[in-house]
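The values are calculated or read from the model by the stated rules, or taken from the named source; none is laboratory data. Quick caveat: nothing in here was measured; it's all calculated off a predicted structure. Because the Cβ atoms are built from the backbone with ideal geometry, glycine has one as well, and the counts that use them run over all protein chains shown. Accessible surface is based on the protein model in full, side chains and every heavy atom, while ligands, DNA and RNA are left aside. Shrake-Rupley method; radii C 1.70, N 1.55, O 1.52, S 1.80 Å.
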Amino acid sequence: MMKLAILFFILLLAPVIRESLESVMVLHMFLQLPLLILVGVLLHGNRNWRFLEKWNDNGVAGMLLAVGVLIFWMLPRSLDDALTEIELEIWKFASLPLLGFLWKNSWRKIGGIFKSFLYINFLSMFGLLAWLYLGTPVQICNNYLINEQHIVGAVYLSSVLVLLLNLLYIVFFRGLGEEAE
Amino acid sequence: MVHNRLIKNYLVIGGIVILLMMVFGILMLLAQGGGLSLSPPTFYQFMTIHGTGMIGAAALAASAVMWYFLSQHVTLSKRIFKANLILFLIGLVLVIIGVFSFDYASAWTFLYPLPTLSAKAWGIIGALLYLFGMLIIGIGFLLLFIDTGRAIIRKKGSLAKGLGWDVIAGKKAEKDAPEPAIIAGTMVTIVNVTALIAGATVIMMNIIHTINPAFTFDPLLAKNLTYAFGHVFANSIIYMSVIVVYELLAKYTNRSWKANKVFLIAWSMSTIFTLMIYTHHMLMDSVMPKWMLIIGQVFSYANGLPVLIVTAYGTLMIVYKSGIKWDMSSGLAFLSMFGWTVGVVPAIIDATIVVNHVMHNTKWVPGHFHMYMGLGAVVMIFAFMYYLAKVDGGLKITKLDWIAFFSYIVTMAAVSVQFLVSGALSTPRRWATHTPEWMGPALFGGIAGVFLVIATTLFIVHFVRYVCNET
């Protein structure tokens with residue numbers, strides 16, 4: 001898993017892949033960013049990371065940190081600046097795998113209510129971002145045109161629909177599964 | 001018996017906030033009636049705190065009613081219940097500071113783009129304090145309803161089973177139907193989680209717009225989301241509180257209030273309709289899609305009726321020839337059903353599109369929700385307070401309580417009716433200043449409100465006596 005994560009990371013760092021993913025807003029936001037998070041998840045694997053046991057015993061600290069990083073990268077400004085400022089680009093390649101790592105470490109430890117809260121929060125905030133990108137007449141990013149914003153907005157809206165259908169499936173049909181036991 | 005200090009804290013805080021908000025209501029009515037001099041900005045600040053505080057406090061107390069009875073059937077988290085109370089208080093403090101220290105006065109509706117574009121009546125800080133306050137209160141309630149939803153799913157398997165859909169489909173016998181507290185808890189969980197998602201989205205949007213007005217949003221979508229949040233959340237108060245009617249009357253009459261198929265279908269219908277009918281707030285928005293306006297009218301007629309009819313009918317049937325001994329709690333529970341029944345009538349009239357175009361911006365609408373909430377939902381909460389004081393504290397009622405009971409009925413009805421009369425006189429609502437022709441009912445309402453506050457104070461004092469005796 002760790003080798004795969006490193007290989008993945010190197011591929012994402014490769015100039016051709018990096019530049020092509022960053023040249024299109026929707027690929028930057030919905031492909032490069034999630035893939036960098038995936039690197040962290042793969043890096044973590046199923047190992048017990050002892051150095052995390054002490055301060056991330058119940059998963060809350062790790063998850064809060066991960067959510068903090070996520071909020072930062074949900075701001076359009078951050079995405080824009082990563083293209084023009086090398087410090088932010090480095091921070092992106094460092095922070096998002098860290099986010100994935102912490103997320104994987106914390107997810108199983110946090111309580112069900114926290115998980116449900118995060119899920120529902122994603123629903124409302126993705127809805128807000130869909131609205132923002134689709135509706136605002138302002139060009140939000142300097143590096144991407146308004147029509148690219150609209151595509152991102154549409155993807156956010158689609159994500160909301162998928163999340164919503166999944167939520168309805170869970171609460172009306174599937175139940176909480178293993179968690180209930 | 002499930003009881004603890006937290007339930008009492010919820011009810012004491014809820015009750016006291018309701019009482020304080022009544023005082024603001026009286027001051028507004030007296031000002032409109034010409035009996036008190038109040039500057040328009042102060043009036044709108046009072047209107048903002050009155051609306052926000054009343055719904056918030058009633059929802060808080062109603063959630064305690066629901067928690068108390070639901071926790072007898074499913075395992076709820078006490079920590080989450082506590083967290084909701086703490087977040088409510090933090091949010092309330094932010095709202096109060098925003099309104100009274102920074103002059104924020106948009107009414108509870110915070111209708112986009114008013115929080116930002118106030119013609120300098122208030123600034124950015126006031127708007128942000130109010131909006132973040134509302135957001136924090138919303139987070140607390142969201143955690144609470146996530147907990148109730150998860151607990152119901154753990155116990156029953158799914159929310160569908162919580163609403164008894166398996167019984168409706170004939171897969172289970174009626175005798176195995178969920179308890180009324182679970183059915184109501186499921187309904188409230190579904191509608192309020194939906195409402196809070198809509199609310200979080202529109203509040204965050206307002207926050208973004210307040211911080212950077214260059215980001216503009218579609219005002220019609222903003223209004224839809226605002227009412228999808230506010231109307232549904234306010235509506236849910238009665239569905240949380242009504243659990244006390246089911247539980248209390250069943251105990252008092254020694255008869256069981258079992259859910260049957262009709263009862264289950266009624267609750268399922270109200271679950272769906274409650275989510276759809278906020279559109280009756282949009283009937284004057286000519287740019288709304290026509291089909292949504294038709295939904296607003298048709299389903300507003302249908303919304304309250306299923307649960308109201310089965311509950312009102314059930315109330316009459318369970319009491320009929322039961323030999324029930326009337327006391328304050330059973331009396332209040334019975335009264336609340338009357339208040340709910342008459343309180344929906346003005347709403348149904350207003351939900352008719354042709355009537356709405358004339359009546360919606362008049363005081364007819366406050367007439368509806370004061371009757372519905374004041375004689376319905378809030379009375380259920382008072383019934384629960386007397387119930388707890390009796391069954392848990394053994395506290396005896398006095399003649400003063402009965403005097404308060406009858407005074408409350410008369411004065412709350414007077415306050416509601418003066419709004420309806422004002423509406424019939426075409427008095428606009430949300431206006432600080434009234435012409436002399438509009439002043440009479442407002443002044444009458446303000447004076448009736450003084451006696452209403454005295455009656456409510458006696459209710460709260462009774463409950464506080466119980467809480468103090470216990471500690």
* Low-density loop cleavage sites - GluC sites (Glu not before Pro) in region A:60-165, where at most 13 other Cβ are within 10 Å (DSSP) -> A:Glu85
* **Estimated buried accessible area (total), pair B and A, 1.4 Å, Å² to nearest 100** => 2400 Å²
* Structure fact -> Simple spin-label estimate for B:Leu89/A:Val60, 7 Å along Cα→Cβ, in nm, reads 1.8 nm
* Structure fact -> With the charge dipole of region B:5-470 built from beta-carbon charges (+1 for Lys and Arg, -1 for Asp and Glu) about the Cα centre, the Cα from B:Pro213, B:Gln418, B:Phe88 projecting farthest to the positive end belongs to B:Phe88
* Structure fact -> Judged on accessible area alone, 1.4 Å probe, highest first, B:Met380, B:Met134, A:Met2 line up as A:Met2, B:Met134, B:Met380
* Mind putting a number on the dipole of chain B about its Cα centre? Charges go on the C-beta only, +1 for Lys and Arg and -1 for Asp and Glu, and I need it in Debye to the nearest 20. => 1140 debye
* To do: Give me the aspartates and glutamates in straight-line cross-link reach of B:Lys251: C-alpha distance below 17 Å, same-chain residues under 8 apart excluded.
  => B:Glu179, B:Asp327, B:Asp392
* Enter the mean number of other protein chain beta carbons within 10 Å of the beta carbon of each residue in B:200-206, as an integer. => 5
* Asked: For chain A, what is the mean residue ellipticity at 222 nm derived from helices alone (per DSSP H run of n ≥ 4: -39500 (n - 2.57); sum divided by total residues; nearest 500 deg cm²/dmol)?
  -> -23500 deg cm²/dmol
* region B:5-470 - percent relative contact order, Cα under 8 Å, separation 6 or more -> 19 percent
* Asked: Counting only other chains, what is the mean number of Cβ atoms within 10 angstrom of the Cβ of each residue in peptide A:10-21?
  -> 0
* **Cα-only Debye scattering, region B:121-242: base-10 log of I(q)/I(0) at q = 0.09, 0.13, 0.21 Å⁻¹** => -0.35, -0.62, -1.12
* Asked: What's the Cα-based Rg to Rh of region A:111-181, Rh via Kirkwood?
  -> 1.15
* Compute the Kirkwood hydrodynamic radius of region A:1-109, taking the inverse of the mean of 1/r over all pairs of distinct Cα atoms, and give it in Å to one decimal. => 14.3 Å
* To do: Just list whichever of B:Lys155/B:Lys175; B:Lys261/B:Lys325; B:Lys325/B:Lys390 have alpha carbons separated by over 19 Å in the model shown.
  => B:Lys261/B:Lys325
* To do: Would you mind checking the pairs B:Lys321/B:Lys396; B:Lys321/B:Lys399; A:Lys92/B:Lys82 and listing those with alpha carbons more than 29 angstrom apart?
  => A:Lys92/B:Lys82
* To do: Name the residue farthest towards the positive end of the dipole of region B:5-470 from the options B:Met359, B:His370, B:His462, assuming +1 on Cβ of Lys and Arg, -1 on Cβ of Asp and Glu, about the Cα centre.
  => B:His462
* Asked: Among the helices of chain A (complete DSSP H runs), which have Cα atoms covering no less than 20 Å along the helix axis and a Kyte-Doolittle mean of at least 1.6?
  -> A:60-74
* To do: Give the residue from A:Gly112, A:Ser158, A:Pro137 lying farthest towards the positive end of the charge dipole for region A:99-181; charges sit on Cβ (+1 for Lys and Arg, -1 for Asp and Glu) and the dipole is referred to the Cα centre.
  => A:Gly112
* **Residue-normalised accessible area of the protein assembly as shown, given per residue in Å² at a 1.4 Å probe** => 42 Å²
* **Potential lengthening between B:Phe100 and B:Ile294 on full extension [0.36 nm per residue; Cα-Cα distance subtracted]** => 65.8 nm
* **Kirkwood hydrodynamic radius of the protein assembly as shown, from inverse mean 1/r over distinct Cα pairs, in Å** => 26.5 Å
* Answer rounded, prolate or oblate for region B:65-173, using the Cα gyration tensor with square roots of eigenvalues a ≥ b ≥ c: rounded when a/c is under 1.5, else prolate when a/b is larger than b/c, else oblate. => prolate
* **Förster radius 30 Å - calculated FRET efficiency between B:Ala250 and B:Ala173 (Cβ-Cβ, nearest 0.05)** => 0.90
* Principal axes first, then extents: for the Cα atoms of chain B, list largest minus smallest coordinate on each axis, whole Å, largest first. => 59, 49, 45
* Determine, from the Cβ-Cβ distance of B:Val342 and A:Ile90 and an R0 of 45 Å, the FRET efficiency 1/(1 + (r/R0)^6), rounded to the nearest 0.05. => 0.10
* Hey, any idea what % of chain B's accessible area is carbon plus sulfur with a 1.4 Å probe? -> 71 percent
* Excluding residues fewer than 8 places away in the same chain, name every one of the lysines whose C-alpha is closer than 28 Å to that of B:Lys120. => B:Lys223, B:Lys363
